[in-house]
Amino acid sequence: MDSLKVNEVIASILVAGIVFMVTGFIAEGVVRTGELAKPAFMVAVKNQPGAAAAKPAGVPSITPLLASADVKKGQAFVDEVCAACHNYTAGAGAKIGPDLFNVVGRPRASVKGFDYSDAIKKLGGDWTFENLNLWLHDPQAVAPGTRMTYTGIADTQTRADVIAFLRTLSSHPVPLPKVTPAAAKPAAAAPAAAPKAAATPAAPANAAKAAATPAPAPSLASLIDHANVKKGQQFVEGVCAACHNDTVGAGTKIGPDLYGVVGRPVASVQGFGYTPGLKKLGGDWTYAALNQWLTNPMKEVPGTMMAFPGIPDAATRADVIAFLRTLSPNPVALPASTGGKP
Ligand code: HEC
Ligand code: HEC
């Protein structure tokens, strides 16, 4: 191996390690002094506007929304976003984060054998509905330095849906909270942080339905045409943003800027040190190429530095790609009108 290659291998091992290792090694093993304010991976995580400064007190309550929350939507969200890091079936054990089975009502940071950060261990108390509400709004605001490198869910109704689904992950779900008349005014109208990119008026949640029904697999073009751009944006901000910027001129993070990615030649951002594997892929980032890449990057391009396991769900990939499409002053045509080619 030449030294360039060696460097790339080392880089990919480092990136993969940062993502997948149980980060306790860094926090507790190497750096005993506690001067590492945040896990290394956090440095790359984009904060939502105002999220870091947001006082938990300013987060709208989900209690009035729980009884009528959409458990199925919550499940679709958890399947898409949280499942990257959490198992949530009985006995499935830890992934990057602890198992979420039975999480509602249990003491915080209490899964035996999971190496929690000091930040979350310090919290004390139980995962009540409202504690989950604050946590899922902005984990870093609740426990600065937590290893949950997820930016949070700005939309109150979505948090209620997610928590209503988490409640069902138990053989004895905790009773729904009693709603006092004073608290009965739904707070859903006030999103905590405005999405920074205008979401195009997406077709309603067809993507989630497509995922739920085992009907004949819809084509990529139709999935993208009917995708939920907002969900795609949430996914990108929650997951991809750890490594990618996606606004014009924001430049490179761990990966290249995704602004304008749909339709551009593969591995073409000037100055970004792509792996030879990705460079060899060639061609443009068509819808089909993105779809294949995002299914399993490490399988599609062996040796890639994109240490991300992929998005197994076709509808979620379509949501993500439909959102990526909007990251342009002149978004390329939707695939239905172009036979799948941007
Ligand atoms: C990028 C990976 C990642 C994503 C995405 C993620 N989590 Fe986490 N989560 C973690 C890690 C790591 C921890 C442990 C935090 C610590 O030790 O500071 C955690 C902790 C938690 C806890 C505390 C559990 C306990 O036992 O105290 C809850 C609740 C939780 N996550 C829920 C969620 C939900 C719901 C979602 C989706 C909306 C989600 N997480 C998305 C990585 C993630
Ligand atoms: C752990 C960090 C990480 C995460 C998470 C991640 N990526 Fe990447 N991504 C990279 C790196 C590094 C590269 C460069 C890969 C190479 O050179 O082999 C890359 C490359 C890409 C490319 C090719 C860009 C080009 O200019 O050719 C696309 C498209 C992409 N990522 C999209 C995404 C999307 C969408 C997500 C979320 C679903 C995501 N990535 C999540 C690190 C990441």
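Nothing in this text is a laboratory measurement; each read-out follows from the coordinates by a stated rule. Only a predicted model underlies this, so the values are computations on that prediction, with no experimental measurement involved. Cβ coordinates were reconstructed from backbone atoms using ideal geometry, including for glycine residues, and neighbour counts include every protein chain displayed.
What is the calculated FRET efficiency for K122 to S219, with r their C-beta to C-beta distance and R₀ = 41 Å, to the nearest 0.05? Don't skip to the answer; put the middle values down first.
On the way: r = 50 Å, r/R0 = 1.21.
Working from the Cβ atoms, E equals 0.25.
Taking 25 °C and 0.890 mPa s as the conditions, I'd like the Stokes-Einstein D for region 101-140 in µm²/s, using the Kirkwood hydrodynamic radius from alpha carbon pairs.
On the way: Rh = 10.6 Å.
Taking Rh from Cα pairs, D becomes 232 µm²/s.
When N is the residue count of region 56-183, what does its C-alpha Rg come to as a fraction of 2.2 N^0.38 Å? Write out the running numbers ahead of the final one.
Numbers: Rg = 13.7 Å, N = 128, 2.2 N^0.38 = 13.9 Å.
Compactness ratio reported: 0.99.
Counting alpha carbon pairs within less than 8 Å and at least 6 residues apart, what relative contact order, in whole percent, applies to region 56-183?
Working: 186 pairs, mean separation 46.8, N = 128.
Relative contact order comes out at 37 percent.
Please give the length that would be gained between S268 and A94 if that part of the chain were fully extended, namely 0.36 nm times their separation in residues minus their C-alpha to C-alpha distance (nm, one decimal).
Values: separation 174, 0.36 × 174 = 62.64 nm, distance 3.74 nm.
58.9 nm is the gain from fully extending S268 to A94.
Any of K72/K95; K122/K231; K73/K121 with alpha carbons more than 25 Å apart? Name them for me.
K122/K231; K73/K121
Out of region 67-119, which trypsin sites (Lys or Arg not before Pro) are coil in DSSP terms and have no more than 10 other C-beta atoms within 10 Å?
Working: sites: K72, K73, K95, R108, K112; in loops: K95, R108, K112.
Hits after loop and neighbour filter: K112.
Starting from the Cα of A250, step 7 Å along the direction of its Cβ; do the same at H172; then give the gap between the two resulting points in nm.
Using points 7 Å along Cα→Cβ, the separation is 4.6 nm.
Under 14 Å Cα to Cα from K112, which aspartates and glutamates show up? Leave out anything in the same chain fewer than 8 places away.
D99
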